[in-house]
Amino acid sequence: MRIEFVRSGGFAGISLTARVDSEKLAPDESATLEQKINEAGFFDLPGQIKPASPGADMFEYSVTISLPPRTHTVIVSETVVPERLRPLLDHLTNLARTGKYR
Amino acid sequence: MNNHINCLHCIVPPHMLESMLANGNEAQKKVALNAIGISGGIRGHRQALASAVAYLTPVTAPGKHRTVYTANDGSSLPGQQVRDEGQPPSGDVAVNEAYDGAGDTYDLYWDIYQRNSLDGNGLHLDSTVHYQQNYDNAFWNGQQMVYGDGDGQLFNRFTIAVDVIGHELTHGVTQYMSNLDYQGQSGALNESFSDVFGSLVKQRKLNQTADQADWLIGEGLLTASVHGVALRSMKAPGTAYDDPVLGKDPQPADMAHYVNTTQDNGGVHINSGIPNHAFYLTAVAIGGYAWEKAGKIWYAAGRDKFRSTTDFQGAADLTTQTAGELFGTDGAEQQAVKNAWIRVGITPGAPQTQPQPQPQPQPGGCVTAPAAIIRSLFGGS
Ligand SMILES: [Zn+2]
Ligand SMILES: [Zn+2]
């Protein structure tokens, strides 16, 4: 499984990125991620989730997950993140913050 | 409620108001004084009316109404109200900064551009502080401002810089004017408008001329552990920070370094460096206070000429055209605007013949039914 995570936008316009390859993760790390992906129903989410009122300076998340045979990308603005997706985004944001997955 | 009175300043010439004072009945005098009081600071006619000072009632801006809420580190908006217009300062610095910064921004738009709040019609200014925990951002959600406390490692609280507050509120102004699409070049223009007027709020608060100002966006926002002075520099885009963790300020100063990207809605916070720098060059070339001429040109172009799809070329064309209309064709101001755009790599063209946008309501609704009001004031009909 491969994950590409980007949080872009925000007032600062500074992107936060993470590239995760499950083969390089510890087994328990990998299992945690897969559980959050399942709980998010990730592969059933729409590709774009945007707010009705666009606003400005909000973070935008782009997550692409390849879990053969499926590959799916979800782009979502921070104010309209579905509840079930939030734990996965928080987890990936924390991984990106460590700077180990660029 | 007071729309008809408030709107007098922009439809009734000062000499007419003075005649209303001299010859009108009590009610007419009060109306005239009210109108003059509102516009007096900018038009300088108050002195002439000293003899009538007995009639003057305290004059406040017609639509300044600020409310600050706290999200208490959660995500619910607007959250719990902590300070409303006219209430004394709170013990919470973020609350007071959000309140004062919204006031400074309101005052720039009202005092200088005669715009009554974001929508031109006294829209209340709602702000929420303490949004989420360690939240490194501030945003405009289409209805209100939202400020995080920062993580403390890289970012301080986002209310710390008054230009950040002016930036967020200007997103509201843009939404009610051109509504520039928040994508690609129109999105970068939207961002640039917020930086321009955010910086002008700060410059006016500090009483700085264009050559005295630092032209930084978000000064004080980065903690002492970050290598950087701010998040953006309009004077020297690309030089605001260079840090091992945050990376380097990616802003270009000209079209030769335009960044093509799909992130950040097509780099709206990156390519805004180009129009930002064009504004800076214009303001410095004109000299004096940047809000007086350069700001007026940008504001009028944004209000009357920009559309949701205006791109950099369109902005160059329309600000150049506006400068000619406001200060004379081929005057120093128009030359300054033209040269500024050329220096960032865009040559302003001939005036565009695109369809004009719908007239925008002025403070208090200038475009509606003034004639009947004037007639009734003078006892006609
Ligand atoms: Zn912005
Ligand atoms: Zn009016």
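A short reminder: the numbers here are calculations on the coordinates, not readings from a lab. Please read all numbers here as calculations on a predicted model, not as lab measurements. With ideal geometry, Cβ positions are generated from the backbone for all residues, glycine too; neighbour counts draw on all protein chains shown.
Each residue in B:V226, A:V6, B:V129 was given a count of other beta-carbon atoms within 10 angstrom of its own, and listing them fewest first yields B:V226, A:V6, B:V129. Cross-link partners for A:K100 among the lysines, with Cα-Cα distance under 17 Å and sequence neighbours closer than 8 places in the same chain left out: A:K24. Mean projection of the Cα convex hull over all viewing directions, computed for the stretch B:66-353: 14.2 nm². Counting only Cα atoms, I'd like the Rg/Rh figure for the stretch B:188-282, Kirkwood definition for Rh. Here the Rg-to-Rh quotient is 0.96. Take each residue of peptide B:245-255, count the partner chain Cβ atoms within 10 Å of its Cβ, and average: the result is 1. When each of B:E168, A:E83, B:E219 is scored by the number of other beta-carbon atoms lying within 10 Å, the sequence from fewest to most is A:E83, B:E219, B:E168. Here the Karplus relation 6.51 cos²θ - 1.76 cosθ + 1.60, evaluated at θ = phi - 60°, turns the backbone of the stretch B:171-185 into coupling constants of 4, x, 4, 4, 4, 8, 9, 6, 6, 3, 4, 8, 7, x, 5 Hz, with x for every Gly and Pro.
Counting Cβ atoms of other protein chains within 10 Å of each Cβ in B:138-147 and taking the mean gives 5.
By count of other Cβ within 10 Å, fewest leading, how are A:H91, B:H269 ordered? Let's see the in-between values first.
Numbers: A:H91 18, B:H269 29.
Ascending Cβ contact count within 10 Å gives the list A:H91, B:H269.
Label 7 Å along Cα→Cβ of B:H227; the stretch B:258-298 residues with amide nitrogen under 18 Å? Correct set: none at all.
Considering only the Cα atoms of the stretch B:119-161, their convex hull presents on average a projected area of 3.3 nm². Result for chain A in a Gaussian network model with C-alpha springs under 10 Å: among A:G55, A:G41, A:G13, the largest mean-square fluctuation is at A:G55. Averaged over the residues of B:258-269, the number of partner chain Cβ atoms lying within 10 Å of the residue Cβ comes to 4. Here the gap between B:N179 and B:D311, fully extended at 0.36 nm per residue and compared with their Cα-Cα distance, gives a gain of 46.3 nm. Listed cross-link partners A:K50/B:K235; B:K293/B:K338; B:K202/B:K293; A:K50/B:K202; A:K50/B:K64; B:K235/B:K296 are compared with a 22 Å cut-off, the Cα-Cα value being larger for A:K50/B:K235; A:K50/B:K202; A:K50/B:K64.
If the viscosity is 0.890 mPa s and the temperature 25 °C, what translational diffusion coefficient in µm²/s does Stokes-Einstein give for the stretch B:233-299 when Rh comes from Kirkwood over Cα pairs?
Values: Rh = 12.9 Å.
Calculated translational D: 190 µm²/s.
Set the Förster radius R0 to 25 Å, insert the Cβ-Cβ distance between B:D151 and B:K248 as r into 1/(1 + (r/R0)^6), and round the FRET efficiency to 0.05. Kindly include the intermediate steps, with their values, before the conclusion.
Details: r = 20 Å, r/R0 = 0.79.
My answer for the efficiency is 0.80.
Treating each Cα of the stretch A:2-98 as an identical point scatterer and summing with the Debye formula, the log10 of I(q)/I(0) at q = 0.25 Å⁻¹ comes to -1.50.
Taking amide H as placed 1.01 Å from N in the peptide plane, B:L125 has its amide H under 5 Å from the amide H of B:H65, B:R66, B:T67, each at least 5 places away in sequence or on another chain. Can you list the residues of the stretch B:266-290 with backbone N under 20 Å from a point 7 Å past the Cα of B:A236, pointing along Cα to Cβ? Answer for the stretch B:266-290: B:270-285.
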